[in-house]
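Enquirer: To start, I am sharing the structure in question, which I have written as structure tokens.
The values are calculated or read from the model by the stated rules, or taken from the named source; none is laboratory data. Quantities reported herein were computed from a predicted structural model and do not represent experimental measurements. Backbone-built Cβ (ideal geometry, glycine too); neighbour counts: all protein chains shown.
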Amino acid sequence: MRLTWLGACTLAEAIGITAAAGAARLATWLTDVREAPPAVALGVVVAGGLVEGTALGVLQARVLRTALGPAAARRWAGATVLVAGLAWAAGSAPATLSTDDGGRPPALPLVLLGAAALGTMAGALLGAAQAVVVRRRVEHPWSWVRASTIGWTAAMPVIFLGAGVAGADWSWLTVVLLGTATGTLAGAVLGGTTRHAADAFLIADRRRGPKVPSPQEVRP
């Protein structure tokens with residue numbers, strides 16, 4: 001069965017947020033029970049984020065492989081993993097490394113507003129990195145930055161909302177299953193809002209006709 005863009009984003013985020021939810025709960029256990037240094041917990045959280053970035057990059061690249069070619073598709077996946085790792089590190093470091101446990105959590109509207117702002121920044125950075133690696137393979141690559149920014153601005157609050165639902169006394173399995181549901185919904189939002197821009201890559205490829213493969217693509 002042919003994987004669609006919407007399906008790729010949905011599946012990738014279901015995998016990724018499941019891993020991220022499990023990693024976050026493991027990081028909490030390491031610091032609270034095993035008294036591990038905060039840097040260890042940050043490493044665990046970033047590792048979970050890299051799973052999300054890998055799943056997203058690989059599955060998106062699989063859909064775009066015909067249009068981009070194998071080499072550019074690999075660069076798309078690599079750029080996605082790199083930016084995802086940086087974004088998870090930047091987004092997780094303040095909370096993971098902080099030793100202040102006495103403050104009240106911010107109100108939900110503020111959390112969602114902050115999540116949307118984080119999605120805007122992460123989406124723009126990710127979109128720019130992806131556009132750079134495909135700029136010689138597609139028409140109007142920089143239009144993708146706008147689509148990525150909009151998509152992640154919409155999807156990130158869904159992720160934060162799901163993360164905020166889980167209680168400290170919830171079992172690991174329940175937290176992971178919630179992560180799967182949250183990722184599925186966030187991925188559907190991301191795929192739905194960016195689908196037309198991704199489709200433009202495929203349409204432009206069909207209009208150009210056959211491409212002469214690069215030496216890297218024909219190398220055995």
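Enquirer: Restricting to the range 25-43, and then to whatever is surrounded by fewer than 22 Cβ atoms within 10 Å (Cβ to Cβ) and aliphatic (A, V, I, L, M), can you tell me which residue is farthest from the chain's Cα centre (by Cα)?
Expert: Of everything passing the filter in the range 25-43, VAL33 is farthest from the chain's Cα centre (by Cα).
Enquirer: If the requirement is being assigned to a helix (DSSP H, G or I), of a type outside the set (A, V, I, L, M, F, W, C) and at pLDDT below 95, which of these qualifies: THR31, THR54?
Expert: From the options THR31, THR54, the qualifying one is THR31.
Enquirer: To continue, here is another question. Restricting attention to the range 134-179, report how many residues are more than 21 Å from GLY48 (Cα to Cα), hydrophobic (A, V, I, L, M, F, W, C) and either modelled with pLDDT of 95 or more or not in a helix (DSSP H, G or I) (or both).
Expert: 7
Enquirer: Conditions: (1) more than 29 Å from ASP169 (Cβ to Cβ); (2) in contact (Cβ under 8 Å) with a residue 24 or more places away in the chain; (3) out of contact with any Gly (no Cβ under 8 Å at 6 or more places or on another chain); (4) among the small types (Gly, Ala, Ser). ALA39 meets all but one. Number of the miss?
Expert: Going through (1) more than 29 Å from ASP169 (Cβ to Cβ); (2) in contact (Cβ under 8 Å) with a residue 24 or more places away in the chain; (3) out of contact with any Gly (no Cβ under 8 Å at 6 or more places or on another chain); (4) among the small types (Gly, Ala, Ser) one by one, ALA39 breaks only (1).
Enquirer: Name the single residue, out of those in the range 102-127 being over 19 Å from the mean Cα position of the chain (by Cα) and in a helix (DSSP H, G or I), that is modelled with the lowest pLDDT.
Expert: So the residue we want is LEU108.
Enquirer: Got a number for residues in the range 61-87 being without any contact (Cβ under 8 Å) to a residue 60 or more places away in the chain and either among the basic types (Lys, Arg) or farther than 16 Å from ALA23 by Cβ (or both)?
Expert: Count: 14.
A quick yes/no check of all residues on (1) in contact with a helix residue (DSSP H, G or I) (Cβ under 6 Å, 6 or more places away or on another chain); (2) surrounded by 15 or more Cβ atoms within 10 Å (Cβ to Cβ):
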| residue | (1), (2) |
| --- | --- |
| VAL83 | yes, yes |
| LEU86 | no, yes |
| LEU108 | no, no |
| ALA117 | no, no |
| TRP144 | yes, yes |
| SER148 | yes, yes |
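Enquirer: Looking only at residues that are modelled with pLDDT under 95 and of a type in the set (A, V, I, L, M, F, W, C) in the range 1-19, which one is nearest to ALA84 (Cα to Cα)?
Expert: LEU3
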